[in-house]
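Novice: I'd like to ask some things about the structure below.
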Amino acid sequence: MTRTALFFMKLAVVAIAAGLVLPVADSWAQGTEKRMAGLALSNDEPIQIESDELKIDEETSKATFTGNVKVVQGDTLLQAGRMVVNYDKNGGSVSSGSAQIREIELYDKVFIQADTQTATADTGNFNMVNEVLVLSGKKVVLTDAENVFIGCRLTVQMKDGQAKLDSCGRRVMIQLDPKSRPKQ
């Protein structure tokens, strides 16, 4: 599995106790889909969430973390201005960590980092029911060391490993550094 794939595995793990895995392809083409391998679930590390404010609304089954949201799991960091966790009312308690999460929404500049890899976007959404992760914005940037992928929307279907980086009427940009290839 590539380092980029491992990064996106960690990225989704941080998206709260969901523990999803999101690998990204070694190369992309403009608006092209590519099958991803190595999807798995993992939630064996503790998650630390910090924010300026937390509001739990049991009536609407939402937990809203606002202001300088920081989520850390292992060596993976997720930051956003706001994170909304939508959960099933009958699935447990959000305050005890046993809630069944339906969807996680990220707003106001999403930043994810693990090791030498980063992802930035304006917004993010993980639909736990359909197992679909979407990062979107004017400019979605994925980096792995010197390799850079730029588009406006990254969609990953976790069930079958399909990932797509859209150009949104512009062009997808890729910069690959041959020195970053694994040594054989």
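The values are calculated or read from the model by the stated rules, or taken from the named source; none is laboratory data. The structure displayed is predicted, hence computed values, not measured ones. Note that we place each Cβ from the backbone using ideal geometry, even for glycine, and neighbour counts take in every protein chain shown. Please note that ligands, DNA and RNA were not included when accessible areas were found on the heavy atoms of the full protein model with its side chains. Shrake-Rupley method; radii C 1.70, N 1.55, O 1.52, S 1.80 Å.
Novice: When the solvent-accessible surface of protein heavy atoms is calculated with a 1.4 angstrom probe, in what order do Lys138, Lys70 fall, highest first?
Specialist: Working: Lys138 165, Lys70 75 Å².
Descending order: Lys138, Lys70.
Novice: Separate question: Tell me the accessible surface of Asp57 in square angstrom (1.4 angstrom probe, heavy atoms of protein chains only), to the nearest ten.
Specialist: Roughly 50 Å² of Asp57 is accessible to a 1.4 Å probe.
Novice: For the pair Val148 and Phe111, how long in nm is the line joining their label points, each one 7 Å along Cα→Cβ?
Specialist: 1.7 nm
Novice: Exceeding 26 Å between C-alpha atoms, which entries from my cross-link table qualify? They are Lys139/Lys164; Lys138/Lys164; Lys89/Lys109. Don't jump to the answer; show the numbers that get you there.
Specialist: Numbers: Lys139/Lys164 15 Å; Lys138/Lys164 16 Å; Lys89/Lys109 29 Å.
Checking Cα-Cα distances, Lys89/Lys109 exceed 26 Å.
Novice: Going from most exposed to least, what order do Asp75, Asp177 have by accessible area with a 1.4 Å probe? Provide the component values of the computation, followed by the final result.
Specialist: Values: Asp75 90, Asp177 35 Å².
Reading off the accessible areas and sorting them downward yields Asp75, Asp177.
Novice: Quick one: ranking Glu103, Glu50 by accessible area, 1.4 Å probe, largest first, what do you get? Working shown, then result.
Specialist: Working: Glu103 50, Glu50 85 Å².
So, going from the largest accessible area down, we get Glu50, Glu103.
Novice: If ligands, DNA and RNA are left out, what is the accessible area of Met83 with a 1.4 Å probe, given in Å² to the nearest 10?
Specialist: 0 Å²
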